[in-house]
């Protein structure tokens, strides 16, 4: 008989994270801004791009409060639906996958900051031509935090910060796409799960003659037809030589 096992599909973490980020940035934060106007605009970032002498402004404004909240809610719902469909534990998968996104974002920011710090320490010691080459391609950002008194803080990047950005993206992708580690325990066999009483019943069904033979024998009446053997005395003992070897 051929048994077909249903193959469990892997959770497409990278695809879901990418789609959710796009959804949260473009239409999602606009909808939440209408629902929660007090949270909207407390902290935003406007990225821009520098390519040689061109400074195109990207039509993207990311709300640093609404976008993470919406992404966390939608990502939790996606993990819940996948866990129910695949019959897997929800809490363990949720903690590991959300933790992977959080740690990947943290290392992403650290890599960008490290690239910016290196460029800050090196640019003053480089010649003008090398400095212009490093600043030729960059990703810039204007951070608006009016809630704490900083209206606009311009962060200018260069090739070094862009390299840190790409390195952080690689770390983020690796952490998000990693499969959660599950503890695999060896399942017990049917005999190991049996109680001593169940094991005794199983042994009794398997070998019933063993228990009957171990019972005390029934005393039967000795008759002439069924008479035990009588012991006869040994009159003489004649030993036999085994491996006889003469002396001398």
To the nearest 0.05, what FRET efficiency results for residue 35 and residue 170 with a Förster distance of 35 Å applied to their C-beta separation? 0.50
Ranking of 144, 57 by count of other Cβ atoms within 10 Å, fewest first: 57, 144
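What is the extension gain from residue 145 to residue 200, computed as 0.36 nm multiplied by their sequence separation minus the C-alpha to C-alpha distance, in nm to one decimal?
Numbers: separation 55, 0.36 × 55 = 19.80 nm, distance 7.48 nm.
Residue separation times 0.36 nm, minus the Cα-Cα distance, leaves 12.3 nm.
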Overall dimensions of segment 13-177 by Cα: Rg and Dmax, Å: 18.4, 61
At a 10 Å Cβ-Cβ cut-off, how would you order 51, 101, 112, fewest neighbours first? 51, 101, 112
First check a/c for segment 80-186, with a ≥ b ≥ c the square roots of the eigenvalues of its C-alpha gyration tensor; if it is under 1.5, answer rounded, and if not, answer prolate when a/b is larger than b/c or oblate otherwise. prolate
Would you please give the FRET efficiency between residue 90 and residue 18, computed as 1/(1 + (r/R0)^6) with r the Cβ-Cβ distance and R0 = 25 Å, to the nearest 0.05? 0.65
Compute the Cα gyration tensor for segment 118-171, then decide on rounded, prolate or oblate, letting a ≥ b ≥ c be the square roots of its eigenvalues: rounded whenever a/c is under 1.5, prolate when a/b is larger than b/c in the other cases, and oblate in all that remain. oblate
Sorted from fewest to most neighbouring beta carbons within 10 Å, what does the list 204, 151, 88 look like? 151, 204, 88
Using Cα-Cα distances under 8 Å and only pairs 6 or more residues apart, what relative contact order does segment 13-177 have, in percent? 29
Efficiency of FRET between residue 189 and residue 76 - r from beta-carbon atoms, R0 41 angstrom, step 0.05: 0.60
Taking a ≥ b ≥ c as the square roots of the Cα gyration tensor eigenvalues, with a/c under 1.5 meaning rounded and otherwise prolate when a/b beats b/c, else oblate, which class fits segment 15-82? oblate
By how many nm would the segment from residue 159 to residue 118 lengthen if fully extended, with 0.36 nm per residue of separation less the alpha-carbon distance? 13.7 nm
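Where a number appears in this text, it was derived from the coordinates with a stated rule and is not lab data. Note that the coordinates shown come from a computational prediction; the quantities given were computed from them, not determined experimentally. In this analysis, Cβ positions are derived from the backbone assuming ideal geometry, glycine residues included, and neighbour counts consider all displayed protein chains.
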